[in-house]
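Mind looking over this structure? Questions follow.
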Amino acid sequence: MNYIIDPPAQPSLPVTGSAQRFPIRRVFCIGRNYADHAREMGASVDAAAPMFFCKPADAVVADGADVAYPSITTDLHHEVEMVVALAAGGSNIAPEAANALIFGYGVGLDLTRRDLQAQAKAKGHPWDVAKGFDHSAPVSALRVAGEVTLDDDSVLRLSVNGELRQQTRLGEMVHGVPQIIAALSTLFELKAGDLIFTGTPAGVAALQRGDHFHAELVGVAELDANII
Ligand code: MN
């Protein structure tokens, strides 16, 4: 291809045990997918209508890379989430067909400018500046789906400076992974390379410059970084 400027770099993530990387197409996120987190935000769960938003693919930061504290905000929050990576996609996918599309799993942080999100909610504005800013999506290396067993008792957790901040069983999700993929695929045509953040449990709180976080989908993936 003969581009008039240099084409942007292709965002990607490492794959555990492989020399090859996973290229990222889009980043989808579900909101309010754990009842205890919806409650702490003063919101309620709508089990009939999951709520989605997006981050840019180049907001993804790989494991171990420093995360720069973002501009404008004074209330940067962590939201630890299981991340699902797709090897194939489609539209109007049946929940029973969804698991076969999954490439693998990771753990990520849906970093949020909570103060800007509160302002957006109050004004009825979109969430892009609260959720989709540069470096807003640290994600671990991906683990190939066939290598791991996840169930309702699998544990997702986050500690900051060695102190446990968030912990849940995956069974606490309101919408399970097949339901999330099915619902998203009615709104967007999903494709290979898509990442899906599957929601955060209670315990979201502020991160400060100098903090070290350690996120874990136990037995599957780990993510470490410093906020600088
Ligand atoms: Mn989130």
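The values are calculated or read from the model by the stated rules, or taken from the named source; none is laboratory data. Here the structure is a predicted model, which means the values were calculated and not measured. When we count neighbours, we look across all protein chains shown, and the Cβ atoms used for this are built from the backbone with ideal geometry, even at glycine.
Go through segment 1-26 and give me each residue that's under 20 Å from residue 83 (Cα atoms) and among the polar types (S, T, N, Q).
Listed by number, the residues that qualify are 10, 12, 16, 18, 20.
Could you list, in sequence order, the residues of segment 75-91 that are in a loop (DSSP other than H, G, I, E, B) and either charged (D, E, K, R) or under 13 Å from the mean Cα position of the chain (by Cα) (or both)?
Listed by number, the residues that qualify are 75, 79.
OK, next. Counting just the residues of segment 122-153 that are of a type in the set (S, T, N, Q) and crowded, with 18+ Cβ neighbours inside 10 Å, which one comes out farthest from residue 178 (Cα to Cα)?
So, considering only residues that are of a type in the set (S, T, N, Q) and crowded, with 18+ Cβ neighbours inside 10 Å, the one farthest from residue 178 (Cα to Cα) is 136.
Turning to a different aspect of this structure: Inside segment 53-74, can you point out the residues that are crowded, with 17+ Cβ neighbours inside 10 Å and assigned to a strand (DSSP E or B)?
Matches in segment 53-74: 53, 55, 60, 61, 67.
Ok, one more. If you go through segment 123-154 one residue at a time, how many are within 16 Å of the ligand (Cβ to nearest atom), of a type in the set (Gly, Ala, Ser) and free of Cβ contacts under 8 Å to residues at least 60 places away in the same chain?
Of the residues in segment 123-154, 1 are within 16 Å of the ligand (Cβ to nearest atom), of a type in the set (Gly, Ala, Ser) and free of Cβ contacts under 8 Å to residues at least 60 places away in the same chain.
Sticking with this one: For a quick check of your reading of the model, give me the residue pairs whose first member lies in segment 24-39 and is more than 24 Å from residue 190 (Cβ to Cβ), whose second is modelled with pLDDT of 95 or more and buried (at least 21 other Cβ atoms within 10 Å of the Cβ), with beta-carbon atoms closer than 8 Å and at least 6 apart or on different chains.
From segment 24-39, the pairs are 36/168; 36/201; 37/79; 37/199; 37/200; 37/201.
Considering only residues that are in contact with a Phe, Trp or Tyr (Cβ under 9 Å, 6 or more places away or on another chain) and of a type in the set (S, T, N, Q), look in segment 72-105 and name the one that is farthest from residue 181 (Cα to Cα).
73
Which residues, counting only those in segment 45-66, are in contact (Cβ under 8 Å) with a residue 12 or more places away in the chain and either away from the ligand (no atom under 16 Å from the Cβ) or of a type in the set (S, T, N, Q) (or both)?
47, 57, 58, 62, 63, 64, 65, 66
Within the group 26, 32, 21, 39, which residue is at positive phi and either within 15 Å of the ligand (Cβ to nearest atom) or surrounded by 14 or more Cβ atoms within 10 Å (Cβ to Cβ) (or both)?
None of the others qualify; the one that does is 32.
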